[in-house]
Every structure is written in C-alpha cells, then in structure tokens.
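> Can you read through this structure? Questions will come right after.
The values are calculated or read from the model by the stated rules, or taken from the named source; none is laboratory data. Remember, it's a predicted structure, so these values are computed and weren't measured experimentally. Just the protein is used for accessible areas: all its heavy atoms, side chains included, with ligands, DNA and RNA removed. Shrake-Rupley method; radii C 1.70, N 1.55, O 1.52, S 1.80 Å.
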Amino acid sequence: MLVADPGTIAELIANLDALRPIKGAFSCPTSNGSRVLALLAYPDGHRLTISVGTGGCGIVTNGKLVRTVASLSHTNPVGPRLLGQLKRLVGADFHYRPR
C-alpha cells in the first residue's frame, strides 16, 4: 500500500523515531521471523527500508539502528501504537506476541 498523506507519514516517522533503542545483548526465542516492511522514498531520491518484527522482541531496524516495539512494563508506549498504525495501513490482522 502506498501512503502519500503527509500527516500519516509524519505520524509514522515520529512513532518510529520515538521507539526505545535496544542496548546490549538480547535473545528472542519466540520470534518466528514475521515482519512488516516499510519502504520509504524521499523526494531527493533517497530510499530507506524499515523492518518491523511482529513477534519475539519486536525488532525494528533500518539496517543501522535497532529498536523494539516491545513495551515490557509499559516502558515503550509508542511500540504498540506503531503496530496498531501499521495494522491499519496494511490491512493485516497480525498479533504481536512478546517474548
């Protein structure tokens, strides 16, 4: 699905930017590899792919930065909000299952 609405794009980018970084070693034994890919194309020709894991630790990466949608102990409220936005955008009924 192509998202062209500037407000939706701004909200999506703000949610991605606000995710909690992952620091140190971590293990995601229940991750099944499912993910949503966001392909961003900027007016200057720059392109970026962001992978959002929908299971395990909910790893989000653009290849350089690594963050998580997990909100263990409600310390990362943006994560569930981002997953809800992605569900609406792609029309998928995936269920995030934290580790």
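> Convex hull over the Cα atoms of the stretch 19-60, averaged projected area in nm²?
The directionally averaged projection comes out at 3.7 nm².
> Rg and Dmax of the chain, using alpha carbons, in Å: what are they?
Reported Rg and Dmax, both Å: 13.3, 40.
> What figure, in Å² to the nearest 10, do you get for the accessible area of Ile59 with a 1.4 Å probe and non-protein molecules left out?
Rounded to the nearest 10, that gives 50 Å².
> Taking θ as phi - 60°, what are the ³J(HN,Hα) couplings along the stretch 42-53 by the Karplus curve (6.51, -1.76, 1.60), each to the nearest whole Hz, with x for Gly and Pro?
Result, rounded to whole Hz: 8, x, 7, x, 5, 10, 9, 10, 10, 9, 10, x.
> Which residue fluctuates the most in the chain, going by a Gaussian network model with Cα springs under 10 Å, if the choices are Arg47, Arg81, Arg35?
With Cα springs under 10 Å in the chain, the top fluctuation among Arg47, Arg81, Arg35 is at Arg47.
> Which angle between 0 and 90 degrees, to the nearest 10, do you get for helix 6-18 versus the longest principal axis of the chain when only C-alpha atoms count?
Rounded to the nearest ten degrees, it is 30.
> Please calculate the 1.4 Å probe accessible area of Asp44, with all protein chains present, and give it to the nearest 10 Å².
Taking all protein chains as shown, Asp44 has close to 130 Å².
> Can you send over the solvent-accessible area of Cys28, 1.4 Å probe, protein chains only, in Å² to the nearest 10?
It works out to around 40 Å².
> Here's something else I'd like to know. Out of Ala14, Ala25, Ala38, any idea which swings most in a Gaussian network model of the chain, alpha carbons joined below 10 Å?
So, out of Ala14, Ala25, Ala38, the one fluctuating most is Ala25.
> Relative to the longest principal Cα axis of the chain, at what angle does helix 78-90 sit, 0 to 90 degrees, rounded to 10?
Taking the Cα atoms of the chain, the angle to 78-90 is about 50 degrees.
> Let me ask something additional. Using a 1.4 Å probe and counting only protein heavy atoms, arrange Leu2, Leu89 so the residue with the most accessible area comes first. Walk me through the intermediate numbers first.
On the way: Leu2 155, Leu89 35 Å².
From most accessible down to least: Leu2, Leu89.
> Explain nothing, just the number: relative contact order of the chain, from Cα pairs under 8 Å at least 6 residues apart, as a whole percent. It would help to have the intermediate numbers written out before the result.
Working: 145 pairs, mean separation 27.6, N = 99.
With pairs under 8 Å counted, the relative contact order is 28 percent.
> Could you give the length gained on full extension between Val90 and Ala14, defined as 0.36 nm per residue of separation minus the Cα-Cα distance, in nm?
On the way: separation 76, 0.36 × 76 = 27.36 nm, distance 1.81 nm.
Here the answer is 25.5 nm.
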